[in-house]
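Just below is one structure, and these are the notes that go with it.
What follows draws every value from the coordinates through simple rules; no lab data is involved. Being a predicted model, the structure only gives us computed values, none of them experimental. All Cβ positions, glycine included, derive from the backbone under ideal geometry; neighbour counts span all protein chains shown.
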Amino acid sequence: MLRAQTNQEGRYRIERLPLGAYRVQVRLIGYATAVRPVTVTAGETAQLDFTLTAAAVSLEGVTVVAATGEEQRAREIPNTVSHIDASKINQEALPTNLADLLNARAPGVQVLPSGGTTGTGSRIRIRGATSVSLTNEPIIVVDGVRVENGPESNSIGVGGQTPSRLNDLNPDEIESIEIVKGPAATSLYGTDAVNGAIQIRTKRGRPGPTRWTGYVEGGALDDHADWPANFTSRTDSGASCTLTAAALPRGATGACVIDTVRSFNPLKVFSPFQTGSRQQYGLSASGGSEATTFFLSGDFEREKGVYHPNDLRRVSLRANVRNQVSRLLDIAVSTGYVSSDLGLPQNDNNSAGIASSGLLGCAQLACPIDTAKHGYGFLTPEQAFNIFVAQGIERFTGSLNANFRPSSFLSIRAVAGTDVTNRFDQQTIPPGLVPLNQNTLDGNRISNRTQLFNYTAQLTSLASFRLGPELVSNTSVGVQYFKNVFAQTAASGRKLAKGSASLAGVVIPTVNETTNQFVTIGEYVQEEVGLRDRVFFTGALRNDRNSAFGSSFGNIVYPKVGGSWVISDEPFFPRSNLMNSVRLRAAWGRSGRQPGPTDAIAFFNPVAVAASGDVPGITDSSVGNQSLKPERTSE
């Protein structure tokens with residue numbers, strides 16, 4: 001199978017074909033596929049012209065299978081893959097983040113939103129949760145490279161809501177998204193793909209003059225929640241009749257008779273909310289020559305939440321370049337950079353939370369214990385705003401894709417790339433300003449620096465043969481290497497000196513260092529046979545080795561089989577204006593979920609033991625399991 005891409009005038013050229021009969025197929029998303037026969041004879045040039053017709057729905061839509069990187073038509077795939085045309089959605093209404101781009105646009109994909117705090121992320125579920133103890137997040141692949149997608153990317157708790165690395169991706173940089181669902185579809189993606197895979201392709205340039213695109217967005221953020229009031233019961237003498245365990249005997253003996261019920265709503269009377277704002281500015285340029293194309297973009301985003309300390313600033317940059325080195329080789333380089341600063345408020349399941357303090361506050365303005373709290377239960381908003389929590393992100397994602405076509409039947413694809421995130425989490429509580437407990441009154445400082453590394457390398461070869469006039473074979477063989485590293489140095493200290501905002505000003509310091517990593521090496525083979533371009537059979541195997549497996553457990557094999565039949569193309573199928581295509585498909589496969597990086601290892605933690613003075617000691621941290629296997633799911 002030999003491919004060619006048209007230029008800006010729609011012209012194409014296919015060379016080095018052996019003599020014989022061929023079928024030329026032209027595909028373009030949004031149009032029906034056109035197929036015409038051609039015969040190549042000695043000393044002559046064959047010319048074929050095509051006219052494409054628009055098609056609202058077509059089985060010919062092109063998807064990308066991340067395990068092999070080869071393009072496949074929807075009719076050939078035995079499992080389900082949802083396609084999202086991100087570039088079209090961005091033209092209609094620019095989503096604020098990747099979660100918005102995915103939400104309600106693919107069946108079986110759930111976007112579980114956060115509570116609305118600026119800068120926090122959502123959880124993604126494909127066909128629901130599949131594990132009780134391990135992650136349920138799908139893997140994310142950007143231009144062939146695995147990237148970090150942790151939904152809880154923060155080491156300092158603020159009550160529940162956390163940032164997500166998924167939303168570091170700028171939706172305006174995305175060309176398309178393919179969502180692969182279930183073990184039957186993700187067998188070739190590796191030993192941690194049972195939750196599905198989201199394949200993202202960023203924008204590419206097209207030959208022609210440079211095209212400039214810009215956008216400006218602005219808006220306001222308001223809190224529209226109807227916060228309930230707090231209530232308390234009183235006797236005619238003014239004593240409290242709150243139904244606590246201590247007051248129940250008094251009520252039973254008639255000593256506490258409710259006379260009045262009082263209410264007060266501190267979240268409305270002394271509202272902590274403000275009107276937030278949002279601005280986003282972006283500019284991109286694309287174009288190039290027949291040999292080299294480019295796409296460049298820059299984006300600045302600023303959002304202020306409805307709480308005073310909740311603020312996000314983010315800068316996104318992208319540069320994608322593709323070069324047709326020769327008739328046999330093309331190389332594409334994709335790079336993306338994100339820098340962001342986020343301030344987070346105290347909220348949710350948190351005694352220092354602003355909303356929770358209001359909901360658990362007093363039912364009258366003058367609380368019996370502390371009249372300065374204005375009806376708030378634990379801290380006033382002013383006191384909670386003194387807790388400074390922030391996160392800084394510097395992230396780079398880069399990939400190199402090379403396609404080499406040494407002959408008409410063989411193509412080789414190589415991918416290498418990395419995703420590196422430097423994260424700085426910090427918290428400062430000034431002494432004497434947050435009267436929640438003795439620790440907050442003394443003041444404290446937390447400074448956690450985390451590095452997240454993801455490395456991907458992959459080599460795939462595809463051989464296509466025509467076994468007969470109407471029988472085609474496509475054989476893919478490949479190897480993949482993936483490495484994930486988590487490295488963190490966490491430092492904190494209590495009793496912070498007044499006027500200090502660094503660890504140098506603490507009296508009781510604590511330091512902890514953590515490094516986790518795992519490596520996956522997988523080999524796979526896939527065979528696809530197509531009959532009359534309407535019946536397709538697929539079989540595949542992937543063999544994985546993973547450093548998180550127990551030492552006595554060897555490799556694991558994930559099989560996959562499936563078939564697809566476009567029955568509407570058969571002569572016997574009745575024609576109808578109600579349906580333009582009907583396809584029958586079936587697939588079975590197995591995928592897995594790897595254990596944690598250190599779950600299989602027995603190790604100890606060092607501790608200080610008070611025995612005739614402090615002496616070093618150890619405690620059990622993990623019993624380990626040398627036979628530990630990955631979780632496996634079949635579909």
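To make sure I understand the rule: partners must be aspartates and glutamates, Cα under 19 Å from the Cα of residue 495, and not fewer than 8 residues away in the same chain. Which ones qualify?
The qualifying aspartates and glutamates are 442.
Take peptides 123-130, 165-172 and line them up by average Cβ neighbours within 10 Å, highest first, as a rough protection proxy.
165-172, 123-130
Relative contact order for the range 371-522: what is it in percent, counting Cα pairs under 8 Å that are at least 6 residues apart?
With pairs under 8 Å counted, the relative contact order is 20 percent.
Just to be sure I understand, if you calculate Rg and Dmax of the Cα atoms in Å for this structure, which of (i) 30.3, 112; (ii) 37.0, 166; (iii) 25.3, 84 do you get?
(i)
Using all C-alpha to C-alpha distances in the range 536-586, build P(r) with 10 Å bins and read off the rounded percent in each one.
Cα pair-distance distribution for the range 536-586, in percent: 19, 28, 18, 16, 12, 7, 0.
Restricting to DSSP loop positions (anything but H, G, I, E, B) with no more than 12 other Cβ atoms inside 10 Å of their own Cβ, which trypsin sites (Lys or Arg not before Pro) remain in the range 555-596?
Here the sparse-neighbourhood loop sites are 575.
Using only alpha carbon pairs under 8 Å that are at least six residues apart, calculate the relative contact order of the chain and give it in whole percent.
Here the relative contact order equals 11 percent.
Give me a comma-separated list of calculated 3J(HN,Hα) values for the range 276-286, in order, Karplus coefficients 6.51, -1.76, 1.60 applied at θ = phi - 60°, integers in Hz, x for any Gly or Pro.
Karplus values, whole Hz, x for Gly and Pro: x, 9, 9, 9, 8, 10, x, 8, 9, 9, 8.
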